[in-house]
Every structure is written in C-alpha cells, then in structure tokens.
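Novice: Let me begin by handing over the structure; questions about it come next.
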Amino acid sequence: MKLTGRNILLGVTGSIAAYKVTFLVRLLVKEGANVKVIVSTSAKEFVSPVVLSTLSKNKVLESFYKEEGFVWNNHVDLGLWADLFVIAPATANTLAKMNTGICDSLLTATILSARCPVWVAPAMDLDMYAHQSTQNNLTQLIDKGVKVLEPESGQLASGLEGQGRLQEPEVIFNQIKNFFTANSPLSGKKILVSAGPTYERIDPVRFIGNHSSGKMGYAIAEQAAMLGAEVTLVSGPVSITTNVAGINKVMVQTADEMFEACTSVHKSMDVIIMAAAVADFKPKHFSDKKIKKKETMTIELEKNKDILKFMGANRNNYQTLIGFALENDNEEFYAKGKLEKKNLDYIVLNSLNDKGAGFGHNTNKVTIYSKVGTRMPLPLMSKQEVAREIVSLLV
Ligand code: PMT
C-alpha cells in the first residue's frame, strides 16, 4: 500500500460537494494512509461527521475543545502531525480566511500551524469562483505556497453550467499518491536497520538483556521506508511493531542471531544503521536445564562479536554506515572513538545523563558526529523527529 504510514489531514468546508469527500477518505484509508478530518461548522450541514469518522477511523474534529471535559484539540499538534493537508471542498469563505490569516476555528487555526504542504480544492458556484475577490485570494494563496486543485467545469448544484465543481475524489486521490511517490528520494535504496535489545540465554528461563524498547530503530526504519527505501529491519525482542510498507522485518533473540541476520545481507545494502543495543557479552555456557537456586552463583561471560565493527571492516565503498553510541560519561570522547574504530560515516550519540534520552522514552536527545569532523547537536525531540534528521543525512 503506497500510503501506509502517511498522515493526511483533510479539511472539509460547507459546500454541497462535501459529500464527495467520503469517497476520498475511503480511498486514502484503503491505501494505508492515516486520515484525520477537521470540519467547519457549516460542513456538517452537508456531510455527516459520523460517516467521516467511521470511514477515517478517527473522531472528526470541529472545535478547539473536545466535548468531554474541556480537553484541548491542539491545532499545533495537528499541523505538525500532517504530512499533507488537503482542504476539500474549499469554499470562497474559507479561501478568503486562509488568504488573510483569519483563524477563528480549529480548521483555520490548523491551516496556519501546518508545516506540511497545504492544498485546496475549491468548490462553489461559477460566479463565486470567477469573482475577482476569489481569484485574487487564489492567486495570493498560490504565492504563499498553497497548491490549488482547480475545480472542473460542468453542471453545478445550482443548475448553472460552468467552472466550480470539486475535482472527483479519484482525481484528488491520484494527485495525493503522485505527490508521495515524487517525494520518495530514497526510492531504489536498500537500508539495513537494527533495533531493540538482544537477549543472551543463561538457561531455558533466564537471559541477560537490556532496556532497549526498539522505538529508536523502528522510527528510523519507518522514516526510511516512507521515503521510498527498501528496508530490512533486524529486530531484537520488543513489544512494538510496525505496519509501514517497504519494511522486511527479521526477528532475532541473541547477538549471534543478529550477527547472522545482518551479515547475511550487509554486502547488498546502500546504508546500514545500527540502533540496536547489542549485548557485549553472553554466558559462556548455556544450561539446557533450569539452574537451581543456590546461595551464590557465578556466570562466566564471553565476548559477543561486534556486528558493526565487522560490517565497518568489510564495507563496500558506496555504503554509508551509521552507528549509535549510548554513553554516560566522557560521551564525546567515547562516541568519536567508536566512529573511528568501527570505520563509520556517522555516529549518533545519546547520553543517559540527558533527561528523556536513550532507552524506552518516546523522545531522544542526540548529537551526530561525522567522520569528516562535523558535529550536529539536536534538541530533545520525538524519536520520529530524530529519525527524520538521521534519514535526512542520507537524502
Ligand atoms: O530502543 P530504544 O528504547 O528506543 O533506545 C534507543 C537506544 C538507546 C538503544 C539507541 O538510541 C542506542 O543508543 N543504540 C545503541 C546502544 C549501544 O549499544 O551502544 P554501544 O555504544 O554499546 O554500541 C555502539 C554501536 O555498535 C551501536 O551502533 C551498536 O548497535 C553496535 N554494536 C555494539 C555491540 C555489538 N556487539 N555489536 C554492535 O553492532
């Protein structure tokens, strides 16, 4: 599904054509997109929010407050969430508000907050569309970066003939699909990502592990796949999953299994990103019987193979290798040491001393060092945003 994982915000305003948007929502959801709908107050006269919320699988939003308990519908979060914002149908009134920056509703405030591309698909009677005010608004919106999906000509709801009909849902849908295909700069690239912890078995019930949740690695795999890459995600045991298209997930338990899974494909990869927290040691002996309770116990450990170091030593010239370093003292020194010793292009340092960074959190705070000496410190941000920054190095 070409739109899996894409976040599409649909703004619906008060035109008779609003009913057509139900077909658009259905097409987008069928193609795997996450769809949220914001309606203007008058849109509800033309299309049922119940239909839109059933089809989009999300509650339809209208006002700044959710009915229950005065909870804020955050227009800023919605604007940041969206990869594309389509206002369809867009009335003359909404176009005028958009052009002048009026934000007297959740919909218009979200339009001002959106960082993603904003499209409008106008629909209105022919004279309203041809009116100089509407045309001026459209011209100025185009100057401000808004894309206009020009209305079609034909018979209008008023019975008159002329330009003003909303583009057919299939036509809008195809343009959305083309937009995301054209925005796939990693198309044709093969990327190996590792994520999560490894579990080193002691006996049938016990293991040595760590706190990695897999969130960082999965976010990287998803961002890369959404930009068109063919991703192999080698994952240790985690409780999260992904349904983004273009990710071939290989589940492993131990560092040895992760070594096998990574090294069996690494030669054919354009990019390798090791976000997994691989155990450095494993028990020297595995007991196939559950070890009985004793007063004290010693487990002899032996070193695991360093997967990234192996891949750095056996890399192709065209490959980009990115490692992670999780440190809690002398961070920069150790991170730079790993960059050099493992023959990497970049190392992403996260420190256990930074609040909200490292294991388990939905956020991370990283500094990216390159082999040519650059240093890119990033503020605390969601793991998705960190992933976007890392993947943008490749773009
Ligand atoms: O999974 P989350 O909860 O989201 O947490 C994310 C994270 C903290 C696990 C991630 O951001 C991170 O820092 N991953 C690397 C952690 C780590 O083990 O770092 P390290 O300094 O021990 O290893 C350096 C690099 O070598 C890493 O890229 C690691 O994957 C790799 N390595 C390490 C040991 C080994 N035997 N083989 C390896 O390939």
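Novice: Is it the case that the range 150-170 has a residue that's under 30 Å from residue 381 (Cα atoms) and either in a helix (DSSP H, G or I) or touching a strand residue (DSSP E or B) at 6+ places or on another chain (Cβ under 6 Å) (or both)? Break it down stepwise before answering.
Specialist: We begin by selecting, within the range 150-170, every residue under 30 Å from residue 381 (Cα atoms); these are none.
Taking every residue of the range 150-170 in turn, none turns out to be under 30 Å from residue 381 (Cα atoms) and either in a helix (DSSP H, G or I) or touching a strand residue (DSSP E or B) at 6+ places or on another chain (Cβ under 6 Å) (or both).
Novice: When you scan the range 310-321, do you find a residue that is under 29 Å from the mean Cα position of the chain (by Cα), assigned to a strand (DSSP E or B) and assigned by TED's automatic domain parsing to the domain that holds residue 260, even just one?
Specialist: There is at least one residue in the range 310-321 that is under 29 Å from the mean Cα position of the chain (by Cα), assigned to a strand (DSSP E or B) and assigned by TED's automatic domain parsing to the domain that holds residue 260.
Novice: Okay, moving on. Name every residue in the range 74-110 that is polar (S, T, N, Q), out of contact with any Leu (no Cβ under 7 Å at 6 or more places or on another chain) and part of a helix (DSSP H, G or I), in order of residue number.
Specialist: Listed by number, the residues that qualify are 93, 94, 100, 108.
Novice: May I ask you to list the residues in the range 252-279 that are without any contact (Cβ under 8 Å) to a residue 12 or more places away in the chain and part of a loop (DSSP other than H, G, I, E, B)?
Specialist: 264
Novice: Turning to a different aspect of this structure: Could you count how many residues in the range 344-358 are surrounded by fewer than 15 Cβ atoms within 10 Å (Cβ to Cβ) and either away from the ligand (no atom under 12 Å from the Cβ) or under 20 Å from residue 189 (Cβ atoms) (or both)? If you could, list the steps in order and put the result at the bottom.
Specialist: First pass over the range 344-358, keeping only residues surrounded by fewer than 15 Cβ atoms within 10 Å (Cβ to Cβ): 352-353, 355-356.
Subsequent filtering for residues that are either away from the ligand (no atom under 12 Å from the Cβ) or under 20 Å from residue 189 (Cβ atoms) (or both) retains 353, 355.
So the count comes out to 2.
Novice: Which of the residues belonging to the range 166-199 are open to solvent by 70 Å² or more (accessible area, probe 1.4 Å) and either within 16 Å of the ligand (Cβ to nearest atom) or β-branched (Val, Ile, Thr) (or both)?
Specialist: Correct list: 181 only.
Novice: Do we find that residue 341 is in contact with a helix residue (DSSP H, G or I) (Cβ under 8 Å, 6 or more places away or on another chain), within 12 Å of the ligand (Cβ to nearest atom) and at pLDDT 95 or above in this structure? Give the derivation first.
Specialist: Values: in contact with a helix residue (DSSP H, G or I) (Cβ under 8 Å, 6 or more places away or on another chain): yes; within 12 Å of the ligand (Cβ to nearest atom): yes; at pLDDT 95 or above: yes.
For residue 341, the condition - in contact with a helix residue (DSSP H, G or I) (Cβ under 8 Å, 6 or more places away or on another chain), within 12 Å of the ligand (Cβ to nearest atom) and at pLDDT 95 or above - is met.
Novice: Does residue 50 fit the bill of being open to solvent by 80 Å² or more (accessible area, probe 1.4 Å), among the hydrophobic types (A, V, I, L, M, F, W, C) and farther than 25 Å from residue 130 by Cα?
Specialist: So residue 50 fits the description; yes.
Novice: Just name the residue that is surrounded by the fewest Cβ atoms within 10 Å (Cβ to Cβ) out of those in the range 2-35 that are small (Gly, Ala, Ser) and not in a helix (DSSP H, G or I).
Specialist: Just the residues of the range 2-35 that are small (Gly, Ala, Ser), to begin with: 5, 11, 14-15, 17-18, 32-33.
With the extra rule that they be not in a helix (DSSP H, G or I), the set shrinks to 5, 11, 14-15, 32-33.
Working: 5: 20, 11: 31, 14: 19, 15: 30, 32: 15, 33: 25.
The extreme case among them is 32.
Novice: Okay, next question. Restricting attention to the range 327-338, does a residue exist that is more than 8 Å from the ligand (Cβ to nearest atom) and assigned to a strand (DSSP E or B)?
Specialist: No, the range 327-338 contains no residue that is more than 8 Å from the ligand (Cβ to nearest atom) and assigned to a strand (DSSP E or B).
Novice: Taking the condition in contact with a strand residue (DSSP E or B) (Cβ under 6 Å, 6 or more places away or on another chain), of a type outside the set (A, V, I, L, M), more than 30 Å from residue 224 (Cα to Cα) and open to solvent by 20 Å² or more (accessible area, probe 1.4 Å), does residue 324 pass?
Specialist: It is false that residue 324 is in contact with a strand residue (DSSP E or B) (Cβ under 6 Å, 6 or more places away or on another chain), of a type outside the set (A, V, I, L, M), more than 30 Å from residue 224 (Cα to Cα) and open to solvent by 20 Å² or more (accessible area, probe 1.4 Å).
Novice: What number of residues within the range 36-47 are farther than 19 Å from residue 123 by Cα and surrounded by fewer than 19 Cβ atoms within 10 Å (Cβ to Cβ)?
Specialist: 0
Novice: Continuing with this model, one more query. Residue 238 - would you say it is outside the structural domain of residue 152 (by TED's automatic domain parsing), in contact with a Gly (Cβ under 8 Å, 6 or more places away or on another chain) and either more than 30 Å from residue 22 (Cα to Cα) or surrounded by fewer than 17 Cβ atoms within 10 Å (Cβ to Cβ) (or both)?
Specialist: yes
Novice: Taking residue 110, is it at pLDDT 95 or above, closer than 27 Å to residue 76 by Cα and out of contact with any strand residue (DSSP E or B) (no Cβ under 8 Å at 6 or more places or on another chain)?
Specialist: In short, no.
The values are calculated or read from the model by the stated rules, or taken from the named source; none is laboratory data. These numbers come from a predicted model, not from an experiment. No Cβ is skipped: glycine too gets one built from the backbone with ideal geometry, and neighbour counts run over all protein chains shown. Just the protein is used for accessible areas: all its heavy atoms, side chains included, with ligands, DNA and RNA removed. Shrake-Rupley method; radii C 1.70, N 1.55, O 1.52, S 1.80 Å.
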